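Down below is the structure, laid out as structure tokens.
The values are calculated or read from the model by the stated rules, or taken from the named source; none is laboratory data. Just so you know, these numbers come straight off a predicted model, no measurement behind them. With ideal geometry, Cβ positions are generated from the backbone for all residues, glycine too; neighbour counts draw on all protein chains shown. Note: accessible area is taken over every heavy atom of the protein model, side chains too, but ligands, DNA and RNA are not part of it. Shrake-Rupley method; radii C 1.70, N 1.55, O 1.52, S 1.80 Å.
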Amino acid sequence: MLRYGERWVRYAVAVVAFGVVAWAWHYGTRQSGGIRPVGERRVMPELVMAQLDGGTWRMVDHRGEVVLINYWATWCGPCLEEMPGLVRLAQEKKGLAVVGVSMDEGDRKKVRDFVERFQVPYPVAFPGAMSQIGAGMVGLPTTILVDRSGRVAKTYVGAVRRGDFEKDVDVLLGER
């Protein structure tokens with residue numbers, strides 16, 4: 001049986017280890033930077049998707065803007081984590097178009113409720129019935145950053161902090 005002092009030492013070591021892991025996760029998972037050089041960017045395939053509000057979202061309508069295409073789902077924990085930052089970014093950045101692509105299947109009511117709860121100001125769309133979008137994804141959320149010319153500058157997998165998105169968007173907004 002452990003003595004009282006030994007238990008406290010083990011407890012203290014566990015607390016310190018947890019703190020180190022938390023610090024490393026917070027400061028070691030920055031995803032900004034790493035934008036592809038202009039000459040290496042590929043053109044984003046043309047996207048045409050049905051919107052939650054009944055309209056149609058088309059990639060071609062956003063030429064001249066920087067575009068963030070965020071693939072997410074209502075059941076996805078990391079998607080919930082990054083959503084408030086995307087909402088603020090969409091509200092604050094001129095020259096940026098954000099579209100959320102819901103990968104939820106079935107009833108769209110849960111998507112509508114989610115969008116209302118988070119007060120999502122940007123269009124939310126759905127991939128087409130025969131779309132292969134989900135087949136190539138490593139995980140959710142996945143976000144594609146597209147430059148003003150419609151070329152893919154960067155792909156993010158996993159939750160991204162608002163500040164990391166903002167740094168990369170600013171780089172693309174500064175390109176001419």
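For segment 46-68, give me each residue that is under 19 Å from the mean Cα position of the chain (by Cα) and modelled with pLDDT under 95.
L47
Output the number of the condition that R42 fails; it satisfies all remaining conditions of (1) modelled with pLDDT of 60 or more; (2) open to solvent by less than 70 Å² (accessible area, probe 1.4 Å).
It is condition (2) that R42 fails.
Would you pick out the residues in segment 52-96 that are closer than 19 Å to K167 by Cα, open to solvent by 10 Å² or more (accessible area, probe 1.4 Å) and not in a helix (DSSP H, G or I)?
G64, E65, K93, K94, G95, L96
Looking at (1) modelled with pLDDT of 95 or more; (2) surrounded by fewer than 17 Cβ atoms within 10 Å (Cβ to Cβ); (3) within 15 Å of the chain's Cα centre (by Cα), find the lone condition where K109 falls short.
Unmet condition: (3).
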